[in-house]
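Chemist: Got a structure for you, written out below as structure tokens; questions coming shortly.
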Amino acid sequence: MGINAPLNRKLRMALVGGGQGSFIGRVHSIAACLDNRAELVAGALSSDPARAKASAADYDIPPARAYGSYQEMLQAEAKLPAHERIDFVSIATPNHTHFEIALAAVKAGFHVLCDKPLTYDLAQAEELGKAVDAAQVIFAVTHNYTGYPLVRQAREMILGGELGEIQATRAFYIQGWLRTRLEATDQKQAAWRTDPKRSGAAGCFGDIATHAYNLTRYMTGLLPAQISCQLRTFEAGRQLDDYGTAMIKWQNGGLGTVTASQISHGRENDLFIEIDGTKGSLTWRQENPNEMFVRTNGQPHRIYTRDPNSPYMNASGKAACRLPSGHPEAFFEAFANIYRSAYDDICQLNAGSSVDRNNSIYPNVNDGIDGMHFIEQAVASSQQNGAWLNLAHPRARR
């Protein structure tokens, strides 16, 4: 966990992407500034220079620091005095652009918070990982669901042995917004997510199954061994998968499944996970994030609520809370917890202290690489009719 390292000023943020019509860019800007530890001072908000500059007013970015491209931004900011230049770059762009932007920012010496999936393909992710290793920068990947208080509560419980040995995991991410070919209407969010030139080798599995997989890895610490996957494109004419199920063999002998859909009627953003251990099991659902069910045979079922003042909450769970119990705390706050934890490490580095960048409480570049390996092997397995393929990657962390 971070230590809220002191800093006598706010961190200075630059946003890449997030121009007019963007959803996730606004989420980044709100989450980044929620704890008043950062301010958005610069941006390259679109790949179209005119649109990038026109979008700056939406974020109160001054015209002088509203750049037409990320290249222009990084060059100009690097030339500014240390007390003026940006500290970190947030990347909120389509998948195929993550690598070049992140690599340039890392090589320029800036800290980075990047959307998932990390890059367009695994080769890019591994190259980026080497660059991060060589640079003294913090690199976080915004798998934002890891920031929910009860997710962090569950993680500490599981890693502490409260559920015993984990033998089975089931993670689901079920949506319905792509039941029809929305991309055919040039709807922005659908268009790039279903385009293999911009999304990568997977559609639904790259977009949301990566969250379900990452959540399982984060909460349990289980290391993957093999994967067998079946992907389908049920909406005629679509180029990438819109449904899929993967079975995973964990290195401890346990079994897991990841199921993702974007064509299930009436489902909105239903990410949920079930974890079975030898001493107990738990269930958590993102659409009702302030409750978690824990069950043990022969005992009453327990409902953990997000209550930072309760003795049953552990240190990780309490540290992720901002509000007293009974006040709904959800998406923006969870997203902000990724930023807040990354800020702690940025401040420690700025103060000259050492940081273990490979074992952070926030998802880091290793988790991003692990996610890209998951996508690549899921697609490859499906192309081979569900063949069992290796899922262990040397950079996958517990």
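Chemist: Once phi is turned into θ = phi - 60°, what whole-Hz ³J(HN,Hα) does the Karplus curve with 6.51, -1.76 and 1.60 give for every residue of region 363-378, x standing for Gly and Pro?
Modeler: Karplus-based 3J(HN,Hα) across region 363-378 equals x, 10, 4, 5, 5, x, 5, 4, x, 5, 5, 4, 4, 4, 6, 5 Hz.
Chemist: Using a simple spin-label model with points 7 Å from Cα along the Cα→Cβ vector, what separation in nm is obtained for ALA54 and ARG397?
Modeler: Reported label-point gap for ALA54 and ARG397 is 4.2 nm.
Chemist: Could I have the simple spin-label model distance between TYR312 and LEU159, label points 7 Å from Cα toward Cβ, reported in nm to one decimal?
Modeler: Label-label distance for TYR312 and LEU159, simple model: 2.2 nm.
Chemist: Using only Cα atoms, what is the ratio of the radius of gyration of the chain to 2.2 N^0.38 Å?
Modeler: Rg over 2.2 N^0.38 Å, computed on Cα atoms: 0.96.
Chemist: Moving to a separate point now. Which Rg and Dmax, in Å, describe the Cα atoms of region 240-398?
Modeler: Answer for region 240-398, Rg first and Dmax second: 18.8, 52 Å.
Chemist: Given H placed 1.01 Å from N in the peptide plane, which residues other than close sequence neighbours of ALA38 have an amide H under 5 Å from its amide H?
Modeler: LEU11
Chemist: A further question on this structure: Just subtract the alpha-carbon distance of TRP388 and SER325 from 0.36 nm times their residue separation and send over the number in nm, one decimal. Walk me through the numbers on the way to the answer.
Modeler: On the way: separation 63, 0.36 × 63 = 22.68 nm, distance 4.49 nm.
Gain on extension, TRP388 to SER325, equals 18.2 nm.
Chemist: Lysine pairs in the chain with Cα distance under 19 Å, only those 8 or more apart or on different chains: how many are there?
Modeler: The number of close lysine pairs in the chain is 6.
Chemist: May I ask you to compute the full-extension gain from THR259 to LYS279, defined as 0.36 nm times their residue separation minus their alpha-carbon distance, rounded to one decimal in nm?
Modeler: That works out to 4.7 nm of additional length.
Chemist: Something else about it: Please check which bits of region 127-142 a label hung off ALA380 would reach, taking the label as a point 7 Å along Cα-to-C-beta and the cut-off as backbone N under 16 Å.
Modeler: In region 127-142, the label zone of ALA380 (backbone N under 16 Å from the point 7 Å along Cα→Cβ) covers 127.
Chemist: Let me ask you something else. Taking neighbour counts of Cβ atoms within 10 Å as a proxy for exposure, in what order, fewest first, do CYS204, CYS229 appear? Intermediate results must be reported in sequence, preceding the final value.
Modeler: Details: CYS204 27, CYS229 30.
Result, fewest neighbours first: CYS204, CYS229.
Chemist: For region 64-71, in order, what is each residue's ³J(HN,Hα) by Karplus, 6.51 cos²θ - 1.76 cosθ + 1.60 with θ = phi - 60°, in whole Hz (x at glycine and Pro)?
Modeler: Listing the rounded values in order: 5, 10, 9, 9, x, 7, 5, 4 Hz.
Chemist: While we're looking at this one, here's another question. Looking at the P(r) of region 1-87, how many percent of alpha-carbon pairs lie beyond 15 Å? Don't skip to the answer; put the middle values down first.
Modeler: On the way: 2140 of 3741 pairs.
Cα-Cα pairs in region 1-87 separated by more than 15 Å: 57 percent.
Chemist: With every atom except the alpha carbons ignored, what do you get for Rg and Dmax of region 322-387, in angstroms?
Modeler: 17.8, 52
Chemist: For the pair ASP186/HIS83, report the inter-label distance in nm, with labels modelled 7 Å from Cα in the Cβ direction.
Modeler: A separation of 4.9 nm, rounded to one decimal place.
Chemist: Return the long-range amide H neighbours of VAL141 (sequence gap of 5 or more, or a different chain), with a cut-off of under 5 Å between placed amide H atoms.
Modeler: Those qualifying (amide H under 5 Å, at least 5 residues apart or on another chain) are CYS114, ASN364.
Chemist: Moving on. Could you give each residue of region 124-129 its phi-based ³J(HN,Hα) in whole Hz, using Karplus coefficients 6.51, -1.76, 1.60 with θ = phi - 60°, and x for Gly or Pro?
Modeler: The phi angles translate into 5, 4, 5, 5, 5, x Hz.
Chemist: Same structure again: Could you give the distance between the Cα centres of region 298-368 and region 196-256, to the whole Å?
Modeler: Each part's Cα centre sits 25 Å from the other's.
Chemist: How many Å³ per residue does the convex hull of the Cα positions in region 255-336 occupy?
Modeler: Values: hull volume 12.3 nm³, N = 82.
Looking at region 255-336, the number lands at 150 Å³ per residue.
Chemist: Please give the peptides 36-44, 163-171 ranked by average Cβ packing (other Cβ atoms within 10 Å per residue), highest first, as a rough proxy for protection.
Modeler: 36-44, 163-171
Chemist: Applying 1/(1 + (r/R0)^6) with R0 = 22 Å to the Cβ-Cβ distance of LYS197 and ALA123, what FRET efficiency is obtained, to the nearest 0.05?
Modeler: So, using R0 = 22 Å, E works out to roughly 0.85.
Chemist: Can you sort SER261, SER69, SER310, SER281 so the residue with the fewest Cβ neighbours within 10 Å comes first?
Modeler: SER310, SER69, SER281, SER261
Chemist: Please figure out what share of the DSSP beta bridges in the chain is antiparallel and state it in percent, rounded to the nearest 5.
Modeler: Roughly 60 percent of the DSSP beta bridges within the chain come out antiparallel.
Chemist: Using a Förster radius of 30 Å, what is the FRET efficiency between ASN350 and GLU100 based on their Cβ-Cβ separation? Nearest 0.05, please.
Modeler: After rounding to 0.05, the efficiency reads 0.70.
A short reminder: the numbers here are calculations on the coordinates, not readings from a lab. Predicted, not measured: the structure shown is a model, and the values here were computed from it. Because the Cβ atoms are built from the backbone with ideal geometry, glycine has one as well, and the counts that use them run over all protein chains shown.
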